[in-house]
1. State which residue is nearest to Leu130 (Cα to Cα) when the search covers only the range 32-65 and only residues that are assigned to a helix (DSSP H, G or I) and either without any contact (Cβ under 8 Å) to a residue 24 or more places away in the chain or among the acidic types (Asp, Glu) (or both).
2. Specify the residue that is farthest from the chain's Cα centre (by Cα); the eligible residues are those in the range 156-172 that are closer than 14 Å to Arg359 by Cα and assigned to a loop (DSSP other than H, G, I, E, B).
3. When the residues of the range 72-99 are narrowed to those that are small (Gly, Ala, Ser) and surrounded by 24 or more Cβ atoms within 10 Å (Cβ to Cβ), which ends up nearest to Arg2 (Cα to Cα)?
4. List pairs: first in the range 20-31 and charged (D, E, K, R) and surrounded by fewer than 17 Cβ atoms within 10 Å (Cβ to Cβ), second modelled with pLDDT of 95 or more and not in a loop (DSSP other than H, G, I, E, B), Cβ under 7 Å, 6+ apart or cross-chain?
5. For the range 74-85, indicate whether the set of residues that are in contact (Cβ under 8 Å) with a residue 24 or more places away in the chain, over 16 Å from Phe30 (Cα atoms) and either assigned to a helix (DSSP H, G or I) or in contact with a Gly (Cβ under 6 Å, 6 or more places away or on another chain) (or both) is non-empty.
6. So which residues in the range 110-133 are surrounded by fewer than 24 Cβ atoms within 10 Å (Cβ to Cβ) and not in a loop (DSSP other than H, G, I, E, B)?
7. Just for the range 23-37: of the residues that are at pLDDT 95 or above and over 20 Å from the mean Cα position of the chain (by Cα), which one is farthest from Gln365 (Cα to Cα)?
Amino acid sequence: MRICCIADGRYVHSHRWLRFFTARGHKVHFLSFAPMQPHHVDIIERAGGVYEGEIGPFHIKRFWRTCRDWFRLRRLLRRECIDIIQCHFLGANAWYAALSGFRPIALSVMGGGDVCGPSWRPKGIRERLLTPLALRRADLVTSWSMQMAKVVQRYCRSDVLVQVVNGGVDLQHFYPGPRSGRLLNHLRIPPDAKVILSPRLMRPLSNLDTIASAFHTVAGAEPDAYCLFVFPPEPKVEEYEKRVRGLAASGPGAERVRFVGAVPHQEMADYFRLANVMVSIPNTDGTPLSVLEAMACGTPVVVGNLPDYDTDYIEPEITVLPARFDDPAAVAHAILRVLRESDTTRDRVTEARQRVERRGGYDMQMAQLENLYMGVVSPAAKMQGAKPAAYQC
């Protein structure tokens, strides 16, 4: 297949998707809807993609910019004889795809910002007009959780498949194992320390300030507890980072907090194995890959009490411990339960790891997505009008 992918070129999810499809022999032309730096472009090209530049925000007042990017997309689709457009995230990239007149279009709804909770509705004039249009014109919609699939299905055509497919965990890389002595030395953490890990983005949605406040209680109750914040340099909110750092420095155990910053994805397994508990409590979410990777490594997980999650993996009290995402006391209580209830924690960890191994492997999830693509670009689909005549090559 010849695929045009419109996604955030900075994100690991885009890179992992790209590596799979190029390794399978598909030609992928990549447009980023986020600003790119040279090292981001290098990652795309080393993963086998053909980088086609940035597609800008969807402007209404400065409509000429939108028209420019719209024409660029249409020219690319014709020039490269594209078979399918893939949009990661339900935003302006999906609007451009819908308005291009091209079909088939595949949309991946990922959560954590595009679809938020079971009562989600598009907000704002552009969203109310263009998001339903994008979903109606999609020929395939995949979602990172069953909850989000149900939410978006009411906007889709009745004949369109809405399938739950997540990013998948590389089970050859993420698996249980001993702590890394090198990493303990690097982070200046004692070998027998109890480590709390937060791997989410440095932005208000992630509620890292709640975790920093919760650690005050944990540090007072557990003198050997350490807290690690791992987050990439972009996108992050500078003022919010100052707030989180200030909170971490203002309470008990301030000297046991580490702001690690960005960690290459291939090194995250060592961080999960290092942790006694991983905490992920955003306001809204899909089925976060970091949670599944922690589960695969045998790391106990505390999550926010959200309805967004796919309970095939993230089931409260069975595979994870839930806590109110905006309540530091509740988060601290859940962390201390993990640290102190060894038998029940061990049972949850075992069940969580088995569920990820059975259903959540990277190769399994990506192969499922590839099969879905094949279904909508098949000759039969084309005969039914999946690709307008203007785009035939």
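1. Our first condition is that a residue be assigned to a helix (DSSP H, G or I); within the range 32-65, this holds for 38-46, 63-65.
Pick out the ones that are also either without any contact (Cβ under 8 Å) to a residue 24 or more places away in the chain or among the acidic types (Asp, Glu) (or both) and you get 38-39, 42, 45-46, 63-65.
On the way: Pro38: 31, His39: 32, Asp42: 32, Glu45: 31, Arg46: 34, Phe63: 15, Trp64: 18, Arg65: 17 Å.
Among them, the one singled out is Phe63.
2. This residue is Leu171.
3. The initial filter retains those residues of the range 72-99 that are small (Gly, Ala, Ser), namely 91-92, 94, 97-98.
Now narrow it down to the ones that are surrounded by 24 or more Cβ atoms within 10 Å (Cβ to Cβ): 94, 97.
Numbers: Ala94: 18, Ala97: 15 Å.
Result: Ala97.
4. From residues that are charged (D, E, K, R) and surrounded by fewer than 17 Cβ atoms within 10 Å (Cβ to Cβ), the pairs are Arg24/Glu370.
5. So the first thing to find is which residues in the range 74-85 are in contact (Cβ under 8 Å) with a residue 24 or more places away in the chain, and the list is 74, 76-78, 80-85.
Subset that is over 16 Å from Phe30 (Cα atoms): none.
No: zero hits.
6. From the range 110-133, those surrounded by fewer than 24 Cβ atoms within 10 Å (Cβ to Cβ) are 112-114, 116-130, 132-133; that's our starting set.
Within the range 110-133, Gly124, Ile125, Arg126, Glu127, Arg128, Leu129, Leu130, Pro132, Leu133 meet the criteria.
7. Here the residue is His29.
The values are calculated or read from the model by the stated rules, or taken from the named source; none is laboratory data. Quick caveat: nothing in here was measured; it's all calculated off a predicted structure. Because the Cβ atoms are built from the backbone with ideal geometry, glycine has one as well, and the counts that use them run over all protein chains shown.
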